[in-house]
Amino acid sequence: MSTYELTPTRVLRSEWHKLWTLRSTWITLMSAGLLTFGIGLLMGATYETGGGDGDVDVVVLTLIGVQFAQIAFAVLGILVTAGEYSTGMIRASMTTVPRRLPVLWSKAAVFGAVTLAVTLVTAFVTFPVAQLFFAGTDQEASLGDPGVARALVGSSAGLTLLGLIALGLGALVRSVPGAIGAFIGGLMVLPEVIAMLPYEFVADALKYFPTKALETLMSAEAVPGAASPGGALTALALWAAATLAAAGVVLKRRDV
């Protein structure tokens, strides 16, 4: 084997170094983790039985900071792909890997692995620490309670898949502001607008929109009228796969 032979492992290693040498990676990951942890502790420290949040799912209430963290992870995913177009580094990447697609898959694999690891650690640290404050209230729970561990893992899987959708959007749009606008408008605002339509099939379809699916995955208890956790996870995985597949087609056909 030649010393300079291009291999999948070397492409992965290259994308790993790219991700960790960016200051934005550290800032974004720390911000997302601290937001989730800090807001979870704040909810626990200020919670009182009978205060109006007793009917909120305990995992959703504890990890409510995920609402902000999902934007941070989406921005990071977009920077992984669209950021290279803004700096012009994409030309060097595609010159080095002329087949192109290994670059996209490597970016997705590295970003997905890092995001899943960070979100899992954050979720399984935030929940028990927040429960120190929830103790003695109607939101007291433990990791061994039915559905809790699954919801914590589900929140991590959902955030990771949302981030991969954003990564795919970045590769499609090739503009950081444009991809952020597409993510917020298409995944966060559009479902709320569509939900106002008075049609039953619309409500059925919205169950499987990415952000709605994440809400289902985060809930320890079954959500009335929502998709099952398995259905929600499958839907999110299909959204991510479709976005990355579309990005792959565009990457092969369009000039850099």
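The values are calculated or read from the model by the stated rules, or taken from the named source; none is laboratory data. The structure displayed is predicted, hence computed values, not measured ones. When we count neighbours, we look across all protein chains shown, and the Cβ atoms used for this are built from the backbone with ideal geometry, even at glycine. Ligands, DNA and RNA are stripped out before the accessible areas are found, and what is left, the full protein with its side chains, is counted by its heavy atoms. Shrake-Rupley method; radii C 1.70, N 1.55, O 1.52, S 1.80 Å.
Observations
- Residues located in segment 173-208, provided they are part of a loop (DSSP other than H, G, I, E, B) and either surrounded by fewer than 16 Cβ atoms within 10 Å (Cβ to Cβ) or touching a residue at least 60 places away in the same chain (Cβ under 8 Å) (or both): Arg174, Ser175, Ala195, Met196, Leu197, Pro198, Tyr199
- Selection within segment 32-48 - in a helix (DSSP H, G or I), touching a residue at least 60 places away in the same chain (Cβ under 8 Å) and open to solvent by less than 60 Å² (accessible area, probe 1.4 Å): Ala32, Gly33, Thr36, Gly40, Leu41, Met43, Gly44
- Those residues of segment 12-24 which are touching a residue at least 60 places away in the same chain (Cβ under 8 Å) and hydroxyl-bearing (Ser, Thr, Tyr), in sequence order: Ser14
- Thr49 vs. criteria among the hydroxyl-bearing types (Ser, Thr, Tyr) and farther than 30 Å from Ala247 by Cβ: yes
- Checked against the criterion of being open to solvent by less than 40 Å² (accessible area, probe 1.4 Å) and of a type in the set (Gly, Ala, Ser), the candidates Ala213, Ala245 yield just one match: Ala213.
- Selection over segment 49-87 of residues that are out of contact with any Leu (no Cβ under 8 Å at 6 or more places or on another chain), closer than 30 Å to Ser175 by Cβ and open to solvent by 20 Å² or more (accessible area, probe 1.4 Å) gives a count of 6.
Listed here are the residues, each with its yes/no results for (1) in a helix (DSSP H, G or I); (2) hydroxyl-bearing (Ser, Thr, Tyr).
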| residue | (1), (2) |
| --- | --- |
| Arg13 | yes, no |
| Thr25 | yes, yes |
| Met30 | yes, no |
| Gly50 | no, no |
| Ala72 | yes, no |
| Ile78 | yes, no |
| Tyr85 | yes, yes |
| Trp105 | yes, no |
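- Within segment 114-172, the set of residues being open to solvent by 30 Å² or more (accessible area, probe 1.4 Å) and of a type in the set (Phe, Trp, Tyr) comprises Phe124, Phe133.
- Cβ-Cβ under 9 Å pairs, at least 6 apart or on other chains, segment 109-135 side at negative phi, far side acidic (Asp, Glu): Ala109/Glu15; Val110/Glu15; Phe111/Glu15; Gln131/Glu140; Phe134/Glu140
- Index of the failed condition, Thr234 passing every other in (1) open to solvent by 60 Å² or more (accessible area, probe 1.4 Å); (2) in contact (Cβ under 8 Å) with a residue 12 or more places away in the chain: (2)
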